[in-house]
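K.L.:
Pasting a structure here, questions to come.
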Amino acid sequence: MEYINISTLQNWKNKKNKFAAITAYDFSFAKLFANEGIPVILVGDSLGMTIQGHNSTIPVTVKNIEYHTKAVRKGAPNVFLISDLPFMSYYDINQALKNTSKIIQSGANMIKIEGGKNLIHIIQELSRNSILVCGHIGLTPQYIDYLSGYKIQGKTKKDANKIIEDALLLEEAGIKMLVLECIPAKLSKEITERLSIPVIGIGAGNQTDGQILVMQDLLGITEGKKLKFTKNFLSNNGSIQNAIKAYINAVKNGIFPNKKYSF
Ligand code: KIV
C-alpha cells in the first residue's frame, strides 16, 4: 500500500474522494486491515471497552495507548495512524506535550483529543510544535458522565450551533482533521462543507469526508444492544477480509451509512 500522510487525506477531501477508517489495537488486525486497503487506523481509547472490558474509556492510560500504538504500527507501517490522548492526559499544556511525545514516538502520525473551545490553547501549542492534531466533538465518550450517557448530540438548534462553533474554532486553532460522533446527518453535512480539513464521521450520516467504525462493531462481535449507526459487515461477506473490502467500498460509494444507520 502507498504511504498515506496528511496531504493524501487533504487531497481526498479536496477531490471529494470519500475514505474509510477503522479502529485497531493489535498487530494482526492492523496488518489485515492494511492489506485490504484501509488507509487510516485509529488506536482509540475505545480499547477500554473492546480490549479491557471496562464500561467506558475513562480507565485507559497513556501507557495503554503507547503499547497498542506500537503493535498497530508494526502491522501497518504505511497507514495514517491516529492515536487517542486518553482521559485527563491533556488537561494542561505540559501534560499534553509530554503525553503526545510518548504517543508519537510509539508510531502515531497524529493524536486525537476530545472537546471544544476549552482545548484551543492546547491545540495551538501542539500545532506550534508541529504535532498533527485531530479534534473530536459531538458525543465525546471521555465526558460521558457530564453528558449523562451515550446519546445523540446537537439535536436542538442551540446545541447544534455550539457544535458548529466548536468545529470552526478548532480548525482555526490548528486541527488538521475532525471526528464528529453521533450527531444528526444534516449537522455534520454543514460542518463538513464549512471546514477545509477532512471530517470523519461515526453515527454522523454519509456526508462527511470519511467514516470510522470500531472494528468489533464492524465484525458484529460487540456485546449488548446494537447501536443504530453500527453495521455488521461480516455476516453477509463470509470472511473478515471480505467484510473490510465491503466496508471500504460502501464508504467510498457513499452507500454506508445510509438513512437506516444515521440520525
Ligand atoms: O476511541 C474510539 O474508538 C473513537 C472512535 C469511536 C472515533 O474515538
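Bear in mind that the values in this text are calculations on the coordinates, not laboratory data. Values in this document were obtained by computation on a predicted structure and should not be read as measured data. Methodologically, a virtual Cβ is constructed for each residue, glycine included, from the backbone with ideal geometry; neighbour enumeration extends over all protein chains shown.
K.L.:
Give the residue list of trypsin sites (Lys or Arg not before Pro) in region 74-152 that are DSSP loop and have at most 14 other beta-carbon atoms within 10 angstrom. Spell out each step's value before the answer.
P.N.:
Details: sites: Lys74, Lys98, Lys102, Lys112, Lys117, Arg128, Lys151; in loops: Lys151.
Sites meeting the loop and neighbour criteria: Lys151.
K.L.:
Determine ³J(HN,Hα), in whole Hz, for all residues of region 179-187 in sequence, where each value follows from phi through the Karplus function 6.51 cos²θ - 1.76 cosθ + 1.60 and θ = phi - 60°; x replaces Gly and Pro.
P.N.:
3J(HN,Hα) across region 179-187, in whole Hz: 9, 10, 10, 6, 9, x, 4, 5, 5.
K.L.:
With the chain treated as a Gaussian network of Cα nodes joined by springs under 10 Å, which of Ala185, Ala21, Ala167 yields the largest mean-square fluctuation?
P.N.:
Ala185
K.L.:
Counting other Cβ atoms within 10 Å, keep those with at most 14, restrict to DSSP loop, and tell me which trypsin sites (Lys or Arg not before Pro) in region 202-239 are left.
P.N.:
Counting only loop positions with at most 14 other Cβ atoms within 10 Å, the trypsin sites (Lys or Arg not before Pro) in region 202-239 are Lys225, Lys226, Lys228.
K.L.:
I need the shape label for region 6-261. Rule: rounded when a/c is under 1.5, else prolate if a/b > b/c, else oblate, with a, b, c from the alpha carbon gyration tensor.
P.N.:
rounded
K.L.:
At most 11 other C-beta atoms within 10 Å and a DSSP loop state: those are the exposed GluC sites (Glu not before Pro) I care about. Give me the longest piece of the chain that has none.
P.N.:
Longest gap between qualifying sites, sites excluded: 3-222.
K.L.:
Choose one of Ile255, Ile212, Asn161: the residue whose Cα lies farthest towards the positive end of the charge dipole of region 6-261 (beta-carbon charges +1 Lys, Arg; -1 Asp, Glu; about the Cα centre).
P.N.:
Among Ile255, Ile212, Asn161, the one farthest towards the positive end of the dipole of region 6-261 is Ile255.
K.L.:
Let me ask you something else. Would you give the gap between the C-alpha center of region 175-209 and the C-alpha center of region 54-83, rounded to a whole Å?
P.N.:
The two parts, judged by their Cα centres, are 23 Å apart.
K.L.:
Return the long-range amide H neighbours of Phe19 (sequence gap of 5 or more, or a different chain), with a cut-off of under 5 Å between placed amide H atoms.
P.N.:
Gly210, Gln211
K.L.:
Using a Gaussian network model of the chain with C-alpha springs under 10 Å, which one of Met88, Met215, Met177 is most mobile by mean-square fluctuation?
P.N.:
Met88
K.L.:
A further question follows. Compute the FRET efficiency between Leu147 and Asn242 as 1/(1 + (r/R0)^6), taking r as their Cβ-Cβ distance and R0 = 51 Å, and round to the nearest 0.05.
P.N.:
Once the sixth-power term is evaluated, E becomes 0.90.
K.L.:
Per the helix-only calculation at 222 nm, which mean residue ellipticity applies to the chain, given -39500 (n - 2.57) for every DSSP H run of n ≥ 4 and division by its residues, nearest 500 deg cm²/dmol?
P.N.:
Computed ellipticity for the chain at 222 nm equals -11500 deg cm²/dmol.
K.L.:
Can you compute the charge dipole magnitude of the chain about its Cα centre, using +1 on each Lys and Arg Cβ and -1 on each Asp and Glu Cβ, nothing else charged? Give it in debye, rounded to the nearest 20. Before the final figure, lay out the partial values.
P.N.:
Working: 31 positive and 21 negative charges, 138 e Å.
For this selection, approximately 660 debye.
K.L.:
Step through the table entries Lys70/Lys112; Lys157/Lys228; Lys31/Lys259; Lys102/Lys157; Lys31/Lys112, compare each Cα-Cα distance with 28 Å, and write down the pairs that go over it.
P.N.:
Working: Lys70/Lys112 16 Å; Lys157/Lys228 22 Å; Lys31/Lys259 31 Å; Lys102/Lys157 40 Å; Lys31/Lys112 22 Å.
Check vs 28 Å cut-off fails for Lys31/Lys259; Lys102/Lys157.
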